[in-house]
1. Only one of E17, E93 is modelled with pLDDT under 85 and touching a Lys or Arg at 6+ places or on another chain (Cβ under 8 Å). Can you tell me which?
2. Could you tell me whether any residue of the range 109-131 is within 16 Å of the ligand (Cβ to nearest atom) and either within 30 Å of L357 (Cα to Cα) or modelled with pLDDT under 95 (or both)?
3. Test E223 against the criterion of being outside any loop (DSSP other than H, G, I, E, B) and at pLDDT 95 or above, and give yes or no.
4. Residues that are within 16 Å of the ligand (Cβ to nearest atom), within 15 Å of the chain's Cα centre (by Cα) and over 22 Å from T321 (Cβ atoms), at least 1 per element: which helices (runs of 4 or more DSSP H) completely within the range 342-390 meet that?
5. Report the residue count in the range 308-345 for those that are touching a His at 6+ places or on another chain (Cβ under 9 Å) and over 26 Å from R246 (Cα atoms).
6. When the residues of the range 202-249 are narrowed to those that are touching a residue at least 12 places away in the same chain (Cβ under 8 Å) and among the polar types (S, T, N, Q), which ends up farthest from V288 (Cα to Cα)?
7. Condition first: outside any loop (DSSP other than H, G, I, E, B) and surrounded by 22 or more Cβ atoms within 10 Å (Cβ to Cβ). Now tell me which residues in the range 77-95 satisfy that.
8. Considering every residue within the range 278-289, establish whether at least one is of a type in the set (G, A, S), touching a His at 6+ places or on another chain (Cβ under 7 Å) and either farther than 25 Å from A323 by Cα or in a helix (DSSP H, G or I) (or both).
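The values are calculated or read from the model by the stated rules, or taken from the named source; none is laboratory data. The shown structure was predicted, so the numbers you read here are calculated from the model rather than taken from an experiment. Cβ placement follows ideal geometry from the backbone for every residue including glycine, while neighbour counts extend to all protein chains displayed.
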Amino acid sequence: MKVRRPFVKGALSGELELQARWFAGEFGRDFCGTEGERVRIVQFGIWNRTAGPDFVEAAVSIDGAEPKRGAIEIDPDVKDWERHGHSQNTDYEGVVLHVFEHRGGDRVFSRTKMHRLIVQVQLSPVENRGLADGALARAGRCAPLLAAQSLEQIRLTLSEAALFRFQRKATALHRTGDAHGENEALYQALAMGMGYPNNQLPFRLLAQRLPLRRLSQDPDGAEALLYGVSGFLPAPDLSVLPLEARVHVRGLWQRWWPHRVAYQSLQVPQSVWRLGGQRPANHPARRVGALSVLVRHWRALRRLVGAKDWKRLAKILCGMTHAFWSHHYTFGSPASPRPIALIGRERLEELLANSLLPFAGDWEKLSTLRTRDHNRRSRIAATRLLALRPDAKKLLSEAVCQQGLLQLYEDFCCCDASDCAHCPFPEQTAAARTIPVV
Ligand code: SF4
């Protein structure tokens, strides 16, 4: 006899279950919107397990128009949109469809912070059939073709895409170097690496507003300036903080105070920081502390990058400590009994692949780099393109293959709104056996 799970309306498990059933396609893909629109889900998208809408990179066609890429939010009740504060959250600006199961007698609209009305779909009550599988994405149309390639072929395919990505990053870094000097270019790239994956923009703004040459003039005050301009310095009422944090923050305030009027207009807007959905050790406030330590070690780091001495550079980066942040996740958290790395192995690999090696033009090093950081985006890319290969995990652990996968995912999957149907990649692969990079 089939055992059925109870569907608890409005409870978290109910919401998750609804999302799982949606993602499994259990409700179909054609719906009638609450205003009578013809709604077709062209692409179900990626299940977002971090802060923000439930499904991203979906594609929805309304009344037969060109599919629109965007996010889909799914709630048990239409009022959850307001209850959960989505209408005030800029993360939800890209939502193209709000799906819900229940609504009362009142007409309730879903709108974004910019007052854009979102098309709504109410699901018909259906029998609960249990959870669908929890994969983040589905295998794409190209997966069987890529599965048929030999290990040598697939490595070649991915490394061609990775080389294109590497050269593009190197060119971008050198352009910034032309405009602002090589040191500033590298510093900006490393700052962006601190913000990976969700806060690259605010970290870039921070590095542009507080260039390395400014911070180098006052190494002891650099951390306070970074915190002041980032907007992460806790409010002057320090009594709410634990003693250790109070002492640390008081010191930062004393150094920031004389500069605050001059730098006020440069402060990074709080709205661009994305604070949810990340591990505590990766909180951007903590990463600002790590950036300040990096600035303190700049001369040694820069010398080692110039010499391509990656071994010693890794030792310095992973060995960096901070009086407060080596033992705290946030300003308000109690001290951790064990030291917490400022830059761990995963971050180091990320900085090497995206900033340091392209800056130094060291493609050979990238070719031999192994990576443990199977970040969410590369796991999604692997699920879409390599799902049918038994060696997908092994390929993903090679930095070159990971970079190549990301390039293909961005060039093809992120531009596709046809659920693979019109994506040219499978045909190009079949025709060329090696993949042309767009
Ligand atoms: S969109 Fe193209 S590249 Fe992406 S999974 Fe589908 S067929 Fe493959």
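1. Values: E93 fails: modelled with pLDDT under 85.
Answer to the selection: E17.
2. no
3. Numbers: outside any loop (DSSP other than H, G, I, E, B): yes; at pLDDT 95 or above: yes.
Answer is yes for this residue.
4. Values: elements: 345-351, 357-360, 363-368, 376-386.
In the range 342-390, the matching helices (runs of 4 or more DSSP H) lie at 376-386.
5. Number of matching residues: 2.
6. Filtering the range 202-249 down to residues touching a residue at least 12 places away in the same chain (Cβ under 8 Å) leaves 202-213, 215-216, 219-234, 236, 238, 240-242, 244-245, 248-249.
Imposing the further condition that a residue be among the polar types (S, T, N, Q) reduces the set to 208, 216, 230.
Working: Q208: 14, S216: 16, S230: 8 Å.
By that ranking, first place goes to S216.
7. Residues satisfying the conditions are W81, H86, Y92, V95.
8. Taking the range 278-289 first, the residues of a type in the set (G, A, S) are 281, 285, 289.
Then drop every residue that is not touching a His at 6+ places or on another chain (Cβ under 7 Å), which leaves 289.
Okay, now just the ones that are also either farther than 25 Å from A323 by Cα or in a helix (DSSP H, G or I) (or both), so 289.
The answer is yes, given that some residue of the range 278-289 is of a type in the set (G, A, S), touching a His at 6+ places or on another chain (Cβ under 7 Å) and either farther than 25 Å from A323 by Cα or in a helix (DSSP H, G or I) (or both).
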